[in-house]
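Rule-based calculations on the coordinates, nothing more; no lab input. Just so it is clear, the model here is predicted, and its values are computed rather than measured. With ideal geometry, Cβ positions are generated from the backbone for all residues, glycine too; neighbour counts draw on all protein chains shown.
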Amino acid sequence: MSTTPQWFMIGGEGPESYNQHSSYQRALLEAAKEKMNEAISAKLSIDLISNRFSVADFGCASGPNTFTAVQNIIDAVQDKYRKETGQNPVENIEFQVLFNDFTTNDFNTLFQALPAERREGTIALSFHIGVINYAFHFTSTIPKGITDRDSPLWNRDMHCTGFNEAVKKAYLDQYSVDTKNLLDARAEELVPGGLMLLFGSGLRDGVKMSETPKGMVMDFIGASLNDLAQQGVIEQDKVDTFSTPLYIAEEGEIRQIIKENGKFTMEAFEDIIHPYGEFPLDPKILAVSTRASFGAFITAHFGADAMRNAFELVEVKAREEFSGIQNAKPGMQYLIVLRKN
Ligand SMILES: C[S@@+](CC[C@H](N)C(=O)[O-])C[C@H]1O[C@@H](n2cnc3c(N)ncnc32)[C@H](O)[C@@H]1O
């Protein structure tokens, strides 16, 4: 996966880090665990489970969620093996785990959290199961015209709110190209019959991003950056031309992209009830967890001080608009199971 501009998480294990503020993303893995176990049990051929089994996590960040994602998969594969062969998987199968993210990702924190005896191994050229948790919504670039004030596609907002059709089309076109490339690349690396497990956020068909809690929070970030520009803390011009390489797709759009790509059979598209609902409904937690995900990208554009000021304002706005967030249209958290053709 290669994306510019790079969107990476706040590293380390400090109070602002993704490592400390990613329980929302981890909770989906747990909420979808049973469905994932069923899919592995039913859709992964037992012939693929032999002496070495490789699992790859794409967009693993600095932990600890990647360990949950991978351990849940290993448990499900071992369980299937035990039930179908009557043999002990611990004695017969060596699991190999591949961690993938940007080179700017904080892999040090990730590897330090691994027990020493688990840090070595050879590099697999292919894998049996790939997982992506909350990293299936990026575009490789900001679509052309979006940040250009002279273009009819200029987007005043810092994300694709869904209200401007031309902007939405530009984002969807870019997302479609990038996601097909991603699927092509994964299809080359996966063994035939191997699975891709996609966990993440989508939209129900016809729902606009800014009608959902997550979209509202992105609007708060944009409004907070605007406030800072009004106060002269950052340049208005920079805010006007700031956009994010994110596209939260509708279910129908995701289905269409996967079908057009043609390298995988969609075995399941599960609408998962997230235990936190659509977002942690506490303005402080909401601001802190969003900062862990958006903070590094915003710092790269506006500097760390402005980023911190902006998220203080986000918390204020979330408090003021609390009932709006509670009454927003729900987004969708999914588990998509793809089997390589
Ligand atoms: C919201 S985080 C999710 C992290 C982790 N999977 C989890 O469950 O918490 C998104 C991750 O995707 C990574 N990412 C985004 N685009 C990527 C790309 N093109 N190639 C590799 N990693 C990417 C980011 O660096 C980030 O670590």
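The figures follow:
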quantity: Computed over segment 231-299, the ratio Rg/Rh where both radii use C-alpha atoms and Rh is Kirkwood; calculated: 1.11
quantity: Principal-axis tilt of helix 283-302 within the chain, Cα atoms, nearest 10 degrees; calculated: 80
quantity: Kirkwood-based shape ratio for segment 207-341, expressed as Rg/Rh from alpha carbons; calculated: 1.05
quantity: Percentage relative contact order, the chain, counting C-alpha pairs under 8 Å, at least six apart; calculated: 25
quantity: Segment 307-341-segment 215-265 distance, computed between alpha-carbon centres (Å); calculated: 12
quantity: Antiparallel DSSP beta bridges within the chain, percent to nearest 5; calculated: 50
quantity: Folded to 0 to 90 degrees: helix 304-320 orientation relative to the chain principal axis, Cα; calculated: 90
quantity: Per residue, the convex hull volume that the Cα atoms of segment 45-88 enclose (Å³); calculated: 75
quantity: Descending principal axes extents, segment 22-145, alpha-carbon based, whole Å; calculated: 57, 32, 28
quantity: Where trypsin sites (Lys or Arg not before Pro) fall in DSSP loop in segment 189-251, at most 14 other Cβ within 10 Å; calculated: 204
quantity: Whole-Hz ³J(HN,Hα) from phi, Karplus 6.51 cos²θ - 1.76 cosθ + 1.60, for segment 34-39, glycine and proline x; calculated: 5, 4, 5, 4, 4, 5
quantity: Convex hull (Cα only) mean projected area of segment 1-92, reported in nm² to one decimal; calculated: 7.6
quantity: nm² value of the averaged projected area, convex hull over the Cα atoms of the chain; calculated: 16.6
quantity: Radius of gyration and Dmax over the Cα atoms of segment 146-289, both given in Å; calculated: 17.7, 57
quantity: HN-Hα J in Hz across segment 180-190 - Karplus 6.51, -1.76, 1.60, θ = phi - 60°, x for Gly and Pro; calculated: 5, 4, 4, 5, 4, 5, 5, 5, 5, 8, 6
